[in-house]
1. Can you find, within segment 198-215, the residue that is farthest from Leu234 (Cα to Cα) among those that are among the β-branched types (Val, Ile, Thr) and within 13 Å of the ligand (Cβ to nearest atom)?
2. Taking strands (runs of 3 or more DSSP E) that do not extend beyond segment 118-207, which have at least 1 residues that are touching a residue at least 24 places away in the same chain (Cβ under 8 Å)?
3. Hey, could you check segment 150-179 for residues that are crowded, with 17+ Cβ neighbours inside 10 Å and small (Gly, Ala, Ser) and say which is nearest to Leu234 (Cα to Cα)?
4. Does any residue in segment 33-46 that is open to solvent by 40 Å² or more (accessible area, probe 1.4 Å) come within less than 9 Å, Cβ to Cβ, of a residue that is modelled with pLDDT of 95 or more and β-branched (Val, Ile, Thr) six or more places away or on a different chain, and which pairs are these?
5. Going by the conditions given, is Gly100 at pLDDT 95 or above and more than 29 Å from Ser130 (Cβ to Cβ)?
6. Hey, which of the helices (runs of 4 or more DSSP H) in segment 1-89, taking only ones fully inside, have at least 1 residues that are more than 16 Å from the ligand (Cβ to nearest atom) and touching a strand residue (DSSP E or B) at 6+ places or on another chain (Cβ under 6 Å)?
7. Go through segment 286-306 and give me each residue that's closer than 19 Å to Arg358 by Cβ and open to solvent by 10 Å² or more (accessible area, probe 1.4 Å).
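The values are calculated or read from the model by the stated rules, or taken from the named source; none is laboratory data. Quick caveat: nothing in here was measured; it's all calculated off a predicted structure. For neighbour counting, all protein chains shown are included, and Cβ atoms are generated from backbone atoms with ideal geometry for every residue, glycine included. Keep in mind that these areas ignore ligands, DNA and RNA; they rest on the heavy atoms of the full protein, side chains included. Shrake-Rupley method; radii C 1.70, N 1.55, O 1.52, S 1.80 Å.
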Amino acid sequence: MSYERPHLRNVEGYVPGRQPIQTNVIKLNTNENPYPPSPKVMEALVQVQAEQLRKYPPPLATPVREELAQLHNISVENTMIVNGGDELLRLAITTFVDPGVTIGLFEPSYSLYPVLAEVNNSPVVRIPLSDTWQVPAHAAQALNKAQAKLTFIVNPHAPSGTLLPITEIESLASQLNGVLLIDEAYIDFVDPQLSHNVVPLITKLPNVLILRTLSKGYGLAGLRLGYALGSEQLILPMLSKTRDSYNVDVVAQTLAKQALMDQAYAASTWENVRKERNKLYNNFKQLGLSCPESQSNFLLVTFPQGSAMARRVLSGLEQRGILVRYFDTQGLQDKLRITVGTAEQNQRLLNGIEEILRESLSIMRKDSVRA
Ligand SMILES: *Cc1c(COP(=O)(O)O)cnc(C)c1O
């Protein structure tokens, strides 16, 4: 006897990257910021009062939203705080997509999207990206034809790290009949010289909903805090109807405000990540490995020897206490997604990969001599 709703029986659920209890592993598998949050965040944490915990938190998280409005130069009404960006993905579905109605996504991308669609009992229309991770020209047409009421796009793209220019995003959004949720989980790591800012689109296009998170850029994945930016038309029903009444706790609200106020500190971590990302990119090339140019805090590394080698490196690194991410899905099987770590972590990663490649290639050569 099963009590689940029938359509949930075959849902597999989201499989997150490993989060080991041991602290001595080098975690390059879930794209956390390698640097801790601002010291101001830690000071505010120590100063949390019992009285704040006794009472309910500000229901609309207005103090944090005011900070966001200032940061992005928009109105408070165009912002909303969520319990991690993942909550916004679910809220967008609950608010804009009836069960049975189609959700659009690009492939490959964040593997949580299709899981959430399944939970809603929504069919999914999957638009394959090109070999260079570009959105195909017919995408909007195909999504409209499938009557997608909501489409997810992640930019910078995951797992490749590549960035679509604003013009492409705008063109897609302006052609779509449904809502376009632009998942900007990794936006903070984009090179500032590119002046990439899609936020002004929310005043031009009422169907654009932007997801941001403090998990990656602000070193606060454990806090669970994300936010939405969009037209009032999109924000208001989520804010006043579908979200949990106190969806973000008082500690998260307090610390998020401090983190957002200390832009200088956060930006210094982004700059370090970019420097290390560029170093890693060159080092991978020297090892004969290729990866697309990433505007994110990870690199998608291709092993020209194929999927057996990618898996060999995955397990070889694991034996050395270094976790990276492998996706056993079509088009990604000869690749590893590797988070940019600190300079020291990256050096250990490179040493490990070099050793594993050397060992594996000499074993393969011996095998071919025997054969
Ligand atoms: C990390 C991430 C999110 C949101 O993560 P939260 O920790 O829930 O804020 C959303 N989309 C992508 C692609 C991500 O990698």
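1. Of the residues in segment 198-215, the ones among the β-branched types (Val, Ile, Thr) are 198-199, 202-203, 208, 210, 213.
Those left that are additionally within 13 Å of the ligand (Cβ to nearest atom): 210, 213.
Values: Ile210: 10, Thr213: 18 Å.
Selected residue: Thr213.
2. Values: elements: 124-128, 150-154, 179-183.
Once the strands (runs of 3 or more DSSP E) in segment 118-207 are filtered for at least 1 residues that are touching a residue at least 24 places away in the same chain (Cβ under 8 Å), what remains is 150-154, 179-183.
3. Of segment 150-179, the ones crowded, with 17+ Cβ neighbours inside 10 Å are 150-164, 169-170, 172-173, 176, 178-179.
Applying the additional criterion that residues be small (Gly, Ala, Ser) yields 158, 160-161, 173, 178.
Working: Ala158: 25, Ser160: 29, Gly161: 27, Ala173: 14, Gly178: 11 Å.
Here the answer is Gly178.
4. If the second residue must be modelled with pLDDT of 95 or more and β-branched (Val, Ile, Thr), the pairs left are Tyr35/Thr269; Tyr35/Val273; Tyr35/Thr342; Pro36/Thr269; Leu45/Val251; Leu45/Thr254.
5. Details: at pLDDT 95 or above: yes; more than 29 Å from Ser130 (Cβ to Cβ): yes.
Judged against the criteria, Gly100 is a match.
6. Working: elements: 39-46, 50-54, 62-72.
Filter on segment 1-89 gives 62-72.
7. Gln286, Leu287, Gly288, Ser290, Thr302, Pro304, Gln305, Gly306
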